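Take a look at the structure below.
The values are calculated or read from the model by the stated rules, or taken from the named source; none is laboratory data. Not measured: the values here are computed from a predicted model. All Cβ positions, even for glycine, are placed from backbone atoms using ideal geometry, and neighbour counts span all protein chains on display.
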Amino acid sequence: MRRSLTLGRREALGFLALALGAIATRSVRPALAQQKLVLKASDVHPAGYPTVAAVESLGRKLQQATAGRLSVQMYGSMQLGGEKEAIEQAQVGAIQFARVSVGALGPVIDDLNVFNLPFLFRNTAHMQKVIDGRIGDELLEKVTGNPRAGLVGICWMDAGARSVYDTRRAIKSIDDLKGLKVRVMGNPMFVDMMNALGGNGVAMGYDQVFSALQTGVVDGAENNPPSFVFDNHYQVAKYYALTEHLIVPEILVFSRKTWDTLSAEDRELLKKFGREAQAEERVLWNQYEKQALEKARAAGIQIIEIADKKPFQDAVKPVWDKYGPKYAELIKRIQAVE
Ligand code: GTR
């Protein structure tokens, strides 16, 4: 009897989303477009993280430009759950901004999955050129134009390169990955990728990774240095192998439900400040990436350079064979970006 009275975390989040939704529908009505509106934003990362700081800065500019009529309330640190939950909450209009990885949004908007191909970009500078240019704009438009997604693409954000970390052993060559249970983002492409690399890919929400590492549900995960360090995974996983197998940008999306209630001027402001947030986040990102690696080294994490990535690149060929062909044209254009 007692158990039915206690709310599970997921149920509690569900209620929270509903409650936020109720507030949102009350405050977001076309006829009331001139009224004060607090736009809710979700991020899995804590205060101070580049993506969180950039969206907060967007919020301050919005507040200033509209004399306080529009503002942003940031819910960081997974207060509203993981990224799947953030996407769903933005779709129903319970929140307005979801800052998520393209990895997490790929299952909703297949056009984006091109960026989730392992070793697609030569390096992070290449990825930046692509998201800053024509292709970046086109893919944001695909998000906005997707009739089923219920989202508007605002801007991209940097997330560097993702590498494997684990609690068991130093991965020096691809053979060391054999049999390791490695958490990946909730996208079938990444499960296939990890399996192709010799590990066992386990898809799981970001909100569960720390405890899964701690309890041994998984042996490892893969992420960029700031997530590894500032989300505390480095406290349990002591080996970080710089495989850099994925360079997946992040994206800031906005609830279509709310968007449709905004005036053209307000939409323009959101787009303008979004573009600025993309540039601001990059500066913060570069600093944070350096700090993260320094902090990991100081904490005694074994950081392993992988001089020869070719065996890793060769191993993911089946992933390219399975998912690559439908993006063939776009891949050619991406590869041609210098
Ligand atoms: C981080 C990223 C998050 C989330 C997370 C994950 O690098 O910033 O948006 O996608 O990875 O692995 O789920």
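What the table shows:
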item: Those residues of the stretch 289-338 which are surrounded by 12 or more Cβ atoms within 10 Å (Cβ to Cβ), closer than 28 Å to Gly133 by Cα and in contact with a Lys or Arg (Cβ under 9 Å, 6 or more places away or on another chain), in sequence order; result: Arg333, Gln335, Val337
item: Enumeration of residues in the stretch 286-332 that are β-branched (Val, Ile, Thr) and either in the same structural domain as Leu112 (by TED's automatic domain parsing) or closer than 16 Å to Asn223 by Cβ (or both); result: Ile301, Ile303, Ile304, Ile306
item: Ala237 in contact with a Ser or Thr (Cβ under 6 Å, 6 or more places away or on another chain) and either in the same structural domain as Ile95 (by TED's automatic domain parsing) or among the aliphatic types (A, V, I, L, M) (or both); result: yes
item: Residue check, Gly201 away from the ligand (no atom under 15 Å from the Cβ), among the small types (Gly, Ala, Ser) and more than 19 Å from Ala90 (Cα to Cα); result: no
item: Failed item in (1) out of contact with any Cys (no Cβ under 8 Å at 6 or more places or on another chain); (2) of a type outside the set (Gly, Ala, Ser); (3) crowded, with 22+ Cβ neighbours inside 10 Å, with Glu280 passing the rest; result: (3)
item: Lone qualifier among Tyr288, Tyr327, Tyr323 - being hydroxyl-bearing (Ser, Thr, Tyr) and under 30 Å from Lys238 (Cβ atoms); result: Tyr288
